Amino acid sequence: MRLGIDILGNVAILKFDRDKKVGEKKKIAKDFLKRHKSVRTILEKEGKFSGRLRTQKTGWLAGEKTKEALYKENGCLFRFNVDTCYFSPRLSTERDKMAKMVKKNESVLVMFGGVAPFAIIIAKHTKAGKITSVELGRECSKYAKMNVKRNKVNVEIIQGDVRKKVKGKYDRIVMARPNLKDSFLDVAFKVCKGMIHYYGFYREIDKQEMIDIINQESRKAGKKIRILRVVKAGEIGSRKYRYRADIRVN
């Protein structure tokens, strides 16, 4: 039996094979609760994250009937609804790496900020200057503001479309974008005066497509750039990966 598991603090989300019966799922869920004392709720993943808001559907299996998680990562606490707010614990290492790249007094913009994990971890562990997180979803933005207060950090949360809300200039831009056709690089190039960390989703043999898109968008924007590196930032499916491109904008 293949069993996918994501543990988000008090909530665990299980993904079963399609032929698994409801009775078997509930038995596995109850056994899981007994073995993991910190987990209070077991949910079943019923669909993938989808759309610009990156929502998913889960169903209750055992424990407390809630979809609100309280999750600790890199010394920070995050509260969010697992259905309405995208949050991947598998990006924990990536968020830590990103914080280590940020330099003293840098202004940082996080596009597609979600419940603000990138922004809050950067604020908590660096001496960055102004940090701004922009998120389209109202629900995620509500939780982001709560999480900023919870972690006692200084992060500006802006709710709205990055195409309409992003202004000014930033030393470093984090683009932890949804898996959509629109790259949004045109927005980033307009406001960047240093580094862009751009995320894309590709099979290994198609990685060059990501590089081509970056170069094409930079030419359209009239920007001179240098792609310092393209690295894997996690596996998202069978032979498909999340890649991060670190781009120097001159």
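Every number here is computed from the coordinates shown, using simple stated rules; none is lab data. Everything quoted here is computed from the prediction, not taken from an experiment. All Cβ positions, even for glycine, are placed from backbone atoms using ideal geometry, and neighbour counts span all protein chains on display.
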### Query
With each pseudo-label sitting 7 Å past Cα toward Cβ, what's the Asp212-Arg35 distance in nm, one decimal?
4.5 nm
### Task
Answer with one residue from Trp60, Ser218, Pro117: the one whose Cα lies farthest towards the positive end of the charge dipole of the chain, charges on Cβ with Lys, Arg +1 and Asp, Glu -1.
Pro117
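Sorting Glu24, Glu217 on the 10 Å Cβ count, fewest up front, what's the list? Show your work: numbers first, answer last.
Values: Glu24 13, Glu217 19.
Ascending number of Cβ neighbours within 10 Å: Glu24, Glu217.
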### Query
Taking Cα atoms, how many degrees apart are the long axis of helix 92-101 and the longest axis of the chain, rounded to 10 and kept between 0 and 90?
20 degrees
### Query
Charges only on Cβ, +1 for Lys and Arg, -1 for Asp and Glu: so what's the dipole of region 89-249 about the Cα centre, in debye to the nearest 20?
500 debye
### Query
If the chain between Asp161 and Ser50 were fully stretched, how many nm would it gain, using 0.36 nm times the residue separation less the Cα-Cα distance?
38.3 nm
### Query
How far is helix 207-221 tilted off the main Cα axis of the chain, in degrees rounded to 10, range 0 to 90?
40 degrees
## Note on the structure
So, with points 7 Å from each Cα along the Cβ direction, the Thr93-Glu24 label distance in nm works out to 3.1 nm
### Task
Quick one: order Cys76, Cys140 by neighbouring beta-carbon count within 10 Å, fewest to most.
Cys76, Cys140
#### Entry: Positive-pole candidate from Gly137, Gly4, Phe201, dipole of the chain, charges at beta carbon
Gly137
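What shape does region 4-66 have by the C-alpha gyration tensor, where a ≥ b ≥ c are the square roots of the eigenvalues, rounded means a/c under 1.5, and otherwise prolate means a/b greater than b/c and oblate the rest? Each step should come with its number before you reach the end.
On the way: a/c = 2.23, a/b = 1.31, b/c = 1.69.
Cα axes put region 4-66 in the oblate bin.
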### Message
Suppose we keep just the DSSP beta bridges with both residues in the chain; what percent of those would be antiparallel, to 5?
### Response
60 percent
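Between Lys152 and Leu77, what is 0.36 nm times their sequence separation minus the Cα-Cα distance? Round to one decimal in nm.
26.0 nm
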### Net lengthening on full extension, Lys15/Leu180 (0.36 nm per residue, minus Cα-Cα)
57.0 nm
#### Entry: Residues Arg244, Arg239, Arg79, sorted so that the one with the fewest Cβ neighbours within 10 Å comes first
Arg239, Arg79, Arg244
#### Entry: region 1-27 residues near the modelled Glu235 label - backbone nitrogen below 14 Å, point 7 Å along Cα→Cβ
3-5
### Query
Helix 22-35 versus the longest principal axis of the chain: what is the Cα-based angle in degrees, 0 to 90, to the nearest 10?
80 degrees
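Grab the DSSP H runs of the chain that are 4 residues or longer, score each as -39,500 (n - 2.57), total them, divide by all residues and round the 222 nm result to the nearest 500 deg cm²/dmol. Before the final figure, lay out each step's value.
Details: 7 runs with 73 residues, N = 250.
Taken over the chain, the calculation gives -8500 deg cm²/dmol.
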